[in-house]
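Asks: Structure in structure tokens, see below.
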Amino acid sequence: MVSGFPISEAQLVALFAESIAYGMHVVTFAFCMYSWVHRSKASQSARSWPWMSIAIALFIVGTLDVSFNLYHNIIAFILYTGPGGANGEFEKLSNWVNVMRSVWARLCALISDAALIYRCWVVYSPSARRWSVVAFPILLWLGVAACAFMDVFYLCTLHLNTSIPLATGLRPWLYAYFSITLALNVLTTGMIVHPLWKTRKLTSEYFKLRSRKRDRLKGLIRIFIESALLYTLSVAISVIMEMVQSNGYYPVTDVSAQLAGFTFDLIIIRIWRGVSTEQTRAFADSMSKSPMAPGKAPWEESSDINSFEVHLESDASETMV
């Protein structure tokens, strides 16, 4: 399959695909910054800084990755005059540009996954067992970090003239890296969605007269599933491309680097528009404490749902009220 898709063609396709994904990332990041600036004017709280810092970090790393991609293509197709033409340049496995592009891609994934784990921790922050809930995802994240380090290490030291999918020394670490990343994203997203789905199911009968509030939970579940689906799907395709040793690995992994920031921005934008997981968990807690007498809805015994709106940027100790 590799011979039918030369690395030079794969790199051109990768540059084109990543450029489109980067354009989407720029738009969502600009919207994210706009929302943050206007939110900062309305509130003196600086607790949105951690989330904005993650968005900025992902955008910077994504910009570096697409810039190095363009630079590498310019070198291969215009400046390189050695044997093998563009293929010869791209197949220099330990070339510093190749190494740095792998660093940017791995860094994007690590930052994105760390933010996902933290969000899961915030969702479970009312529970005394929140650390036990995120313990396994943290172990998976450490495994991803170890595999990423070994991948970059071998990429620096192999000094082979081949493509990444054909480098046998890299293959075990790439298999492990993508597989653990896939498991981490599926597991953690499921752990975030589960309490939302459970809350909606337990309280659905009380929302028959207030379908708008019931649909809020449904909307939150959809937000996390749809936002996670793009990035998780790209990781799954990356595993397949590596397994079949196809140069399609290059465009897929390059797009993944941009999707990490793009999907994060989408979630943040929706949060700052007034929809948050923490808001829902706070409401769920209020439901569990409210009398469930027959014929009496929970909101008749407690304050309205809107009083429980707590935004993502709140400190963990202040997230639930």
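Asks: Could you give the length gained on full extension between TRP49 and VAL99, defined as 0.36 nm per residue of separation minus the Cα-Cα distance, in nm?
Replies: Values: separation 50, 0.36 × 50 = 18.00 nm, distance 3.09 nm.
Between TRP49 and VAL99, full extension yields 14.9 nm more.
Asks: So if I take the alpha carbon set of the range 42-146, get Rg, then get Rh from the Kirkwood formula, what is the Rg over Rh ratio?
Replies: Values: Rg = 19.7 Å, Rh = 16.7 Å.
My calculation puts Rg/Rh at 1.18.
Asks: Kindly identify the range 86-144 as rounded, prolate or oblate by the Cα gyration tensor criterion: order the square roots of the eigenvalues as a ≥ b ≥ c, call it rounded if a/c is under 1.5, otherwise compare a/b with b/c, prolate if a/b is larger, else oblate. Walk me through the numbers before you get to the answer.
Replies: Details: a/c = 6.47, a/b = 3.88, b/c = 1.67.
In terms of gyration-tensor shape, prolate.
Asks: On to the next question. Counting other C-beta atoms within 10 Å, which of THR263, THR81 has the fewest, and how do the rest follow?
Replies: Working: THR263 24, THR81 8.
Fewest to most other Cβ atoms nearby, the residues stand as THR81, THR263.
Asks: Given axes a ≥ b ≥ c from the Cα gyration tensor, I'd like to know whether the range 125-168 is rounded (a/c under 1.5), prolate (a/b larger than b/c) or oblate.
Replies: Values: a/c = 6.61, a/b = 4.39, b/c = 1.51.
Prolate is the answer for the range 125-168, as a/c is 1.5 or above and a/b outweighs b/c.
Asks: Length gain on complete extension for the stretch CYS156 to VAL244, per 0.36 nm per residue less the alpha carbon to alpha carbon distance?
Replies: Values: separation 88, 0.36 × 88 = 31.68 nm, distance 2.33 nm.
In short, 29.3 nm is gained.
Asks: Using every pair of alpha-carbon atoms in the range 56-111, split the distances into 5 Å bins beginning at 0 and state the percent of pairs per bin, rounded to integers.
Replies: 4, 20, 26, 21, 13, 9, 5, 1, 0
Asks: In the range 63-159, with Lys and Arg counted as +1 and Asp and Glu as -1 at Cβ, which of these residues, VAL134, ILE111, GLY88, has the Cα nearest the positive end of the dipole, that is, farthest along it?
Replies: Looking along the dipole axis, the top candidate is VAL134.
Asks: Another question, then. Can you tell me the alpha carbon radius of gyration of the range 88-186 divided by the globular rule-of-thumb value 2.2 N^0.38 Å?
Replies: On the way: Rg = 16.2 Å, N = 99, 2.2 N^0.38 = 12.6 Å.
So the Cα radius of gyration is 1.28 times the expected 2.2 N^0.38 Å.
Asks: What dipole magnitude, in Debye to the nearest 20, does the range 76-152 give about its Cα centre under +1 on Lys/Arg Cβ and -1 on Asp/Glu Cβ?
Replies: Values: 6 positive and 4 negative charges, 81 e Å.
Computed about the Cα centre, the dipole is about 380 debye.
A short reminder: the numbers here are calculations on the coordinates, not readings from a lab. Everything quoted here is computed from the prediction, not taken from an experiment. Every residue, glycine as well, gets a Cβ built from its backbone with ideal geometry; the counts of neighbours run over all protein chains shown.
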